[in-house]
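Following: one structure in structure tokens, then a few remarks.
The values are calculated or read from the model by the stated rules, or taken from the named source; none is laboratory data. Because the structure is predicted, anything quoted here is derived from the model rather than measured. Neighbour counts are summed over all protein chains in view; Cβ atoms, including those assigned to glycine, are modelled from backbone coordinates with ideal geometry.
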Amino acid sequence: MFNLQGSELVIILLLALVVLGPEKLPDAMRKLTLDERAKYVEEMAKKRAAIQKEIADLAAKRTEFIAMEMKKQGLAADAGLDGAVRRAVRKQAERKGFVFDDC
């Protein structure tokens, strides 16, 4: 979603701290010094990036697996549920006068 680096997150944390005040921080962060808070945010950003990478890798593997299975079964790429939904929506939209450029 947002591709923020550690230093950018620290700046955002500092701004939030100034605007909102330390009483609005989660309990775990209230007890930390400013440097500890910055380090904590950077650690969480690294963990978040690692999780996002893992999700992206798994999504790519899933897409590849589905494509191979559909090919094994001799199905067209749009033979699944998503293709059926896409065709149904397009058909209904065309009845209402929408025009589509074939992509």
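Some observations on this one:
- Residue in the stretch 29-50 that is assigned to a helix (DSSP H, G or I), over 17 Å from residue 16 (Cβ atoms) and of a type in the set (Ser, Thr, Tyr) present: no
- Of the candidates 79, 59, the single residue that is part of a loop (DSSP other than H, G, I, E, B) and either at positive phi or of a type outside the set (D, E, K, R) (or both) is 79.
- Verdict on residue 94 being surrounded by 10 or more Cβ atoms within 10 Å (Cβ to Cβ), modelled with pLDDT of 90 or more, under 30 Å from the mean Cα position of the chain (by Cα) and charged (D, E, K, R): no
- Residue in the stretch 52-66 that is at pLDDT 85 or above, polar (S, T, N, Q), under 19 Å from the mean Cα position of the chain (by Cα) and surrounded by 10 or more Cβ atoms within 10 Å (Cβ to Cβ) present: yes
- Pair list, Cβ < 8 Å and 6+ apart or interchain, from the stretch 87-101 residues that are within 24 Å of residue 76 (Cα to Cα) to residues that are at pLDDT below 90 and surrounded by fewer than 11 Cβ atoms within 10 Å (Cβ to Cβ): 90/100; 93/100; 94/100
- Within the stretch 67-76, considering residues that are of a type outside the set (D, E, K, R) and not in a loop (DSSP other than H, G, I, E, B), the one surrounded by the most Cβ atoms within 10 Å (Cβ to Cβ): 70
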